[in-house]
Structures are given as structure tokens and as C-alpha cells.
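Undergrad: Sharing a structure here in C-alpha cells format.
No value in this document is a laboratory result; all are computed from the given coordinates. Model, not experiment: these values are computed from the prediction. Here the Cβ positions follow ideal geometry from the backbone for every residue, glycine too, while neighbour counts run over all protein chains shown.
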Amino acid sequence: MLLSHGGEPLRAAGPVARWTVEQVLALAPDDASRRAGSRLGSAGPWSGGGCDGSGAVWGLCKGSGSTPYRTVADTTGPAYACSCPSRKFPCKHALGLLLVWATDEAALPAGEAPDWAGEWLAGRRERSAGKAEQRAAGGAPASGPADPEAARRRAERRAERVTGGAQELEERLADLLRGGLAAADQPGYGLWEETAARMVDAQAPGLASRVRELGAIPASGPGWPVRLLEECALLHLLDSAWLGIDRLPEPLAATVCGRVGLTAPAEGPPVRDHWLVLAQYDTPDGRIVARRSWLYGRDSGRTALLLSFGAAGRSPGPALAVGITIDAELTPYPGAGRLRAELGRQFGVSSQCGTPAPPGGTAAAAIRAYGHALREDPWLDAWPVVLRDVIPVPSGDGWQLVDAAGDAALPVAPAALSRPGLWKLVALSGGAPVTVFGECGHRGFDPYAAWPTGSDDEAAYGEAAYGTVPLV
């Protein structure tokens, strides 16, 4: 039986441009799948393969059995199907097939999909059309409308539990300060994990996550007591804000709810735009993997964050290839900044070739933008910005991004120093200015994507397959 995964398919706005190797590997659910897919990324194991102009790619992969695995991908979703028994999405065969498509045009010639691949593609289109018709008609889910009164009672019960958790957390923070921060560095000190478990019981996952972060600070090197005190103060501020949430203005109250773990649904009119996929990366959060996708609207000038979650080893949400532009609707979530959004109707996908960089500013402007965002959300670690015409240069044991005019500089965040993307950025620059997208925060600047100087001109790409260079 074919297993498939993915969101509603996109209809290509023209011939779909082939992806790069990095774009394909970025879709892997884990490192093991990435390595296994790379081993299948040549024409050798494949037969009966092909592609068409609508974004479909298919092929037969030789496996351990007598029957080859049937693999098909819809690159406009993207979505995948394979007859292998793997429960990972995409599986190693789908990754290998896409790698062949990205690197060897002759191995997957243009043609008509075979019946087994065509049936899966047709089924996706039919289901997509049905969902679109239901949304257009304003239809309700088959399970019927939710009971508003029951939902209100559930929300009240959960709010009471969160309040109890916040009050208990305040007592534990006070005990810690009375006993002295030095106790937090004692071997076997289990306050943090125990407290985090209590916050989970109180249905406040946001508080639990911040408590776990406190537990890692004593092992973070010299100066940890100062950092621990700072984070304790922010956690106390969050507790106090929740306990007095009725007195807060609506945007800040929505932010506090989100920070403690009570997320409201996306609301308001959807924003339709041509959204450039700037970056996508996964981060572990306990046994859960969080996927963050940054998008930029060409017409609206808005930056949006898609956030989804999944169990370890499973794709946590839609995998969007960095550098493509999708014609879609995004609905923002409430809260300060309104960065997070929900991906809605998708109308098309554009070729990623020659995609220009978003407009950017100086390092000083990035710092100001982060400062303004902090006034609306004091618990914000970083803010998305685009730096225009900066040069990566070494600085002591790290790196910094210096304005080409030499007016200001931003240190590269410690988390980025160990990633290969930093060296890719240095190579792309070659000592010349580049445009960089990333997050600017109190730890420095974390680069996620870059464009060479002159990338607003399509001819400036030369032989490059696309304009956006992913760094994560």
C-alpha cells in the first residue's frame, strides 16, 4: 500500500524549477534519513523514472526484495508516497528520488506518469478540490460544530490549573533566591526537572519549557549565576503577568497566554500574498520536534512564522523548500508582533530561479527593531530582520557581521558558530557585501539565509540554480 504525507498540493504557476541538493536534504525528518537518502541519490538504484511539468516525479527503486519500491513525489506540495514500510516522511526512497531529480536531468526524463503514480496524483487533486469546495461553501466538519459552552468550561478549568502552577512556581523561585543561587549548581540538584513536571501537570507547557532552560544554565560556563538570575527574573515577570492577566491590554494578554502555553486559534482576515520561503529548520523540544518556517510576503512586506510540531522521527509539518515562492493565504495568530501565522489556501508555486532578496537595513536598524519588539513582548529572544550589505569578518573567537560602510556590527550568535552554514556564508561573501536574513537578539545575530550582492538582478546569479542560499 502506498503511504503518503503532505498538505494540500500547490498548482504550479509555470514549469517547476528543479531543486538543489540542499533543498532536498532539508526535508529529511532526521540525520539517519538524510544519510540513507543520500546513498540513493544517484541513478544506479532507479528505473522507470520520470517527471512532468506539473511537479510530479516518480521512479522504481531496487530494494532488498524482488519487487522494487514504487516512489512518487509532488514537489509542489511537497508530498510523497512510497510502497516501502518506512514510517518516516519523507522516507529515504523519496529523498533519493528527489536528489536524482535535482542533480541528474537525464535520469528522470519528462513524460507521462505511469498508472500507479498517476492514480496517487489524481487522488490528491480530487481531495484538494473537495476541501476547497467545502471551504468555499462554508461547510462544517463532519463531526459537527463544537459546543461553545463546553469549550468555555474547558478553557476555564485549564486557566485555573495554569494559575495554580504559576503560584507554585512563584513559591519555588522565592525559595531558590532565599537559599542562594549557588544551590542550583549542586550535583544531583533536581529542582528544575521536578518543577517542569509540575508545570506540565498544570497544563502550562510554556512555563515547563522555560523551567527546563533554567536547569541548563549552571552548566553553561563562567558567569552562569548572572544569567540564571536574569532568566529567573523573566520567569517571575511571566508568572506575574499571568496572575494579573485581566489588567493587561489585549495584545499583551494574548502574548502572555501564548508564552505560558495557551495558544488561541489563528484569527482575522487571511493575507494572500506571494510568500518567499526564507528558512525552515527543526529543533528538538524534549520528545517533540518543532519546525519553524520563515516566510516573506512580496506585496505585503510582512514576515511570517509557521510553527508546527511532531513526534521524534516524524515530519512535524509541511516541508517547504527554501527559495520557492508560494501564492497562498496566511492567517495571523493573536499576540504582540503577530508573526506566527497559519498556512491556509494555496494557489500556486513559482520557480525559485532569480528570486530577489527582501529589502533590508543596517545592523543598527536591526538592533532598534529588536528593541521595539521587546516593548511588546519582554520574553522575546530574537526578532527576524534582513541585513543589507554586510560582510562577515572574524572577531576574537567568533565572527561578526559588519556594515559595508563600517558604521555598526552584530556578533554572530554562539549557536551559529558550530553550523556549516556560517562557512557557507563566508564563502558566499568572499569579502564582499551580502544580504542576510536571520534573527537578531540578545545573543547576537543567527543567520538563516543569504543572497549575493546584486541579487536583485536576475543576471547576477550566473549559473546559480536559485537566489536564496539556505544557511540552516
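Undergrad: Please rank CYS440, CYS257, fewest neighbouring Cβ atoms within 10 Å first, as an exposure proxy.
TA: Listing CYS440, CYS257 from fewest to most nearby Cβ atoms yields CYS257, CYS440.
Undergrad: List residues of segment 198-226, by number, whose backbone nitrogen lies under 14 Å from a label position 7 Å along Cα→C-beta of ALA182.
TA: Flagged as within label range: 225.
Undergrad: What does the charge count around ASP282 come to, taking other residues whose C-beta lies under 9 Å from its C-beta (Lys +1, Arg +1, Asp -1, Glu -1)?
TA: So the environment of ASP282 carries a net charge of +1.
Undergrad: Spin-label point model (7 Å from Cα, Cβ direction): what's the GLN167 to THR103 distance in nm?
TA: Result for the modelled spin labels: 6.1 nm.
Undergrad: For VAL393 paired with GLU160, estimate the spin-label separation in nm (one decimal), with each label point 7 Å from Cα along the Cα-to-Cβ line.
TA: Simple spin-label model gives 6.2 nm for this pair.
Undergrad: At a 10 angstrom cut-off on C-beta neighbours, averaged per residue, how do the peptides 78-84, 234-240, 109-115 rank from highest to lowest?
TA: Top to bottom by mean Cβ count within 10 Å: 78-84, 234-240, 109-115.
Undergrad: Here's another thing I want to ask about it. Rounded to the nearest 0.05, what FRET efficiency do ALA216 and ARG375 have when you use their Cβ-Cβ distance and R0 = 30 Å?
TA: The formula returns an efficiency of 0.60 here.
Undergrad: For GLU194 and ARG227 in the same chain, what is the full-extension length gain: residue separation times 0.36 nm, less their Cα-Cα distance, in nm?
TA: Working it through step by step, the gained length comes to 9.8 nm.
Undergrad: Only counting other Cβ atoms within 10 Å, I'd like TRP19, TRP275 sorted with the fewest neighbours first.
TA: TRP19, TRP275
Undergrad: Expected output is a single nm value to one decimal: the length gained when fully extending between ASP299 and SER66, i.e. 0.36 nm times separation in residues minus the C-alpha distance. What is it?
TA: Going from the current span to full extension adds 78.6 nm.
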